[in-house]
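Asks: Sharing a structure below in structure tokens format, with a few things to ask.
The values are calculated or read from the model by the stated rules, or taken from the named source; none is laboratory data. Please read these numbers as outputs of a predicted model, since none were measured by experiment. With ideal geometry, Cβ positions are generated from the backbone for all residues, glycine too; neighbour counts draw on all protein chains shown. Surface areas here come from the heavy atoms of the whole protein model, side chains and all, with no ligands, DNA or RNA. Shrake-Rupley method; radii C 1.70, N 1.55, O 1.52, S 1.80 Å.
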Amino acid sequence: MFHLRLLVEYFKQYMKTRMSYRGDFLVQFISNFFQQGLNLVFILVVFQHTPSLKGWSQAEVIFIYGYFLIPWAIFSSFLNLWSFNDRYIIKGELDRVLTRPVHSLVQVIMETMSPESLIGVLTGGIVMGVAGWHLDLDWTWYDPLLFVVFTLGGVLIYAGIFIALTSISLYTDSKSDIQPIMFNISNYGRYPTNIYHKIIQFTLTWILPFAFVGFYPASYLLDHGEWRMYAMLTPVMGAIYLAFGIFCWNRGIKHYRGAGN
């Protein structure tokens with residue numbers, strides 16, 4: 001509860017700061033919306049040349065993409081660690097964080113949140129709704145509950161992987177990192193996994209489980225029963241990878257030497 005109250009206070013201060021420049025805040029919303037729209041255009045172009053993609057129709061692929069946007073938007077809003085190296089390692093702000101009586105990772109997360117990225121939740125919901133309407137999906141009463149559980153599991157998978165990658169910076173003062181590469185790999189999760197080579201399928205399932213962020217849960221909601229077991233593993237994979245990420249972070253903090261001069 002203490003951390004939750006602290007998160008609320010950080011959020012209030014962030015919004016006060018952002019709303020001081022309302023035009024910039026609005027432009028950020030609009031740019032995020034159009035960026036996600038361009039990815040949707042790519043899917044539509046692909047289906048101009050083929051009626052299906054490994055047995056998946058255009059509406060189904062669009063539904064998977066829409067679902068993918070939701071956990072990604074939540075992760076980007078509240079676990080935004082993209083500038084960690086430059087801000088906290090190179091400029092030495094992590095030294096300040098470590099002097100405070102709150103877990104260092106919690107502080108970094110609260111200081112780097114960007115709630116404007118939540119526009120992706122709205123975009124994803126609209127895309128899923130339109131695609132689902134064309135597919136005439138028949139959900140049971142518990143499917144919305146599973147949708148929430150799957151989404152949270154996907155957010156935890158993202159969090160675990162990117163926290164683990166960020167913790168590498170605690171061992172070195174180098175500004176370079178592999179997060180941009182991992183971001184590009186994560187985009188594979190917004191398409192049906194079975195369109196890829198078996199090695200890529202294995203990687204996206206058990207090593208870098210981005211398929212659990214988009215494809216597997218969405219395929220369950222699309223009533224593709226062959227992926228049911230994988231979908232149900234989504235919250236489990238999320239818990240495992242989050243625990244791994246926090247473990248890497250805590251070990252990295254113990255080895256952190258400070259900004260130096």
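Asks: Can you go through 151, 99 and tell me which one is β-branched (Val, Ile, Thr), modelled with pLDDT of 90 or more and touching a helix residue (DSSP H, G or I) at 6+ places or on another chain (Cβ under 6 Å)?
Replies: Just a single option satisfies the conditions, and that option is 151.
Asks: Another question, if that's okay. What number goes with the only condition from (1) over 21 Å from the mean Cα position of the chain (by Cα); (2) farther than 30 Å from residue 258 by Cβ that residue 151 does not pass?
Replies: With (1) over 21 Å from the mean Cα position of the chain (by Cα); (2) farther than 30 Å from residue 258 by Cβ applied to residue 151, the lone miss is (1).
Asks: While we're looking at this one, here's another question. If you check 69, 4, 81, 38, which single one turns out to be under 30 Å from residue 250 (Cβ atoms), assigned to a helix (DSSP H, G or I) and among the hydrophobic types (A, V, I, L, M, F, W, C)?
Replies: 4
Asks: Can you go through 102, 106 and tell me which one is within 30 Å of residue 190 (Cα to Cα), touching a residue at least 12 places away in the same chain (Cβ under 8 Å), of a type outside the set (Phe, Trp, Tyr) and open to solvent by 10 Å² or more (accessible area, probe 1.4 Å)?
Replies: 106
Asks: Another one. Examine segment 191-213 for a residue that is farther than 20 Å from residue 86 by Cα, among the hydroxyl-bearing types (Ser, Thr, Tyr) and within 14 Å of the chain's Cα centre (by Cα), and state whether such a residue exists.
Replies: Looking for residues that are farther than 20 Å from residue 86 by Cα, among the hydroxyl-bearing types (Ser, Thr, Tyr) and within 14 Å of the chain's Cα centre (by Cα), one finds none in segment 191-213, hence no.
Asks: Another question about this same structure. Examine segment 60-77 for a residue that is of a type in the set (Val, Ile, Thr), more than 24 Å from residue 164 (Cβ to Cβ) and open to solvent by 60 Å² or more (accessible area, probe 1.4 Å), and state whether such a residue exists. Steps first, answer last, please.
Replies: We begin by selecting, within segment 60-77, every residue of a type in the set (Val, Ile, Thr); these are 61-62, 64, 70, 74.
When the remaining residues are screened for being more than 24 Å from residue 164 (Cβ to Cβ), the result is 61-62, 64.
Those still in the list that are open to solvent by 60 Å² or more (accessible area, probe 1.4 Å) too: none.
The answer is no; no qualifying residue exists.
Asks: Six or more apart or on different chains, Cβ atoms under 6 Å: show the pairs whose first residue is in segment 58-83 and without any contact (Cβ under 8 Å) to a residue 40 or more places away in the chain and whose second is of a type in the set (Phe, Trp, Tyr).
Replies: Matching pairs, first to second residue: 58/47.
Asks: Hey, another quick one. Which of (1) free of Cβ contacts under 8 Å to residues at least 24 places away in the same chain; (2) part of a helix (DSSP H, G or I); (3) surrounded by fewer than 17 Cβ atoms within 10 Å (Cβ to Cβ) is the odd one out, the single condition residue 240 does not satisfy?
Replies: The one condition residue 240 does not meet is (1).
Asks: Ok, one more. Among the candidates 31, 117, 20, single out the residue that is part of a helix (DSSP H, G or I), at pLDDT below 90, surrounded by 13 or more Cβ atoms within 10 Å (Cβ to Cβ) and of a type in the set (Gly, Ala, Ser).
Replies: That would be 117, the only listed residue that is part of a helix (DSSP H, G or I), at pLDDT below 90, surrounded by 13 or more Cβ atoms within 10 Å (Cβ to Cβ) and of a type in the set (Gly, Ala, Ser).
Asks: Same structure again: Could you tell me which of the residues 132, 153 is closer than 21 Å to residue 55 by Cα, open to solvent by less than 60 Å² (accessible area, probe 1.4 Å) and not β-branched (Val, Ile, Thr)?
Replies: From the options 132, 153, the qualifying one is 132.
Asks: Further question on the same structure: So which residues in segment 209-227 are open to solvent by 10 Å² or more (accessible area, probe 1.4 Å) and either of a type in the set (A, V, I, L, M, F, W, C) or more than 17 Å from residue 151 (Cβ to Cβ) (or both), if there are any at all?
Replies: Result: 222, 223, 224, 225, 226, 227.
Asks: Considering only residues that are open to solvent by 50 Å² or more (accessible area, probe 1.4 Å) and either without any contact (Cβ under 8 Å) to a residue 12 or more places away in the chain or within 18 Å of residue 178 (Cβ to Cβ) (or both), which ones fall in segment 87-98?
Replies: If the condition is that a residue be open to solvent by 50 Å² or more (accessible area, probe 1.4 Å) and either without any contact (Cβ under 8 Å) to a residue 12 or more places away in the chain or within 18 Å of residue 178 (Cβ to Cβ) (or both), then 87, 90, 93, 96 are the ones that fit.
Asks: Write out, first by first residue and then by second, each pair whose Cβ atoms fall under 7 Å of each other, whose residues are 6+ apart or on separate chains, and whose first residue, in segment 211-222, is without any contact (Cβ under 8 Å) to a residue 24 or more places away in the chain and hydroxyl-bearing (Ser, Thr, Tyr) while the second is open to solvent by less than 10 Å² (accessible area, probe 1.4 Å) and in a loop (DSSP other than H, G, I, E, B).
Replies: Here the result reads none, with nothing in segment 211-222 linked to a residue that is open to solvent by less than 10 Å² (accessible area, probe 1.4 Å) and in a loop (DSSP other than H, G, I, E, B).
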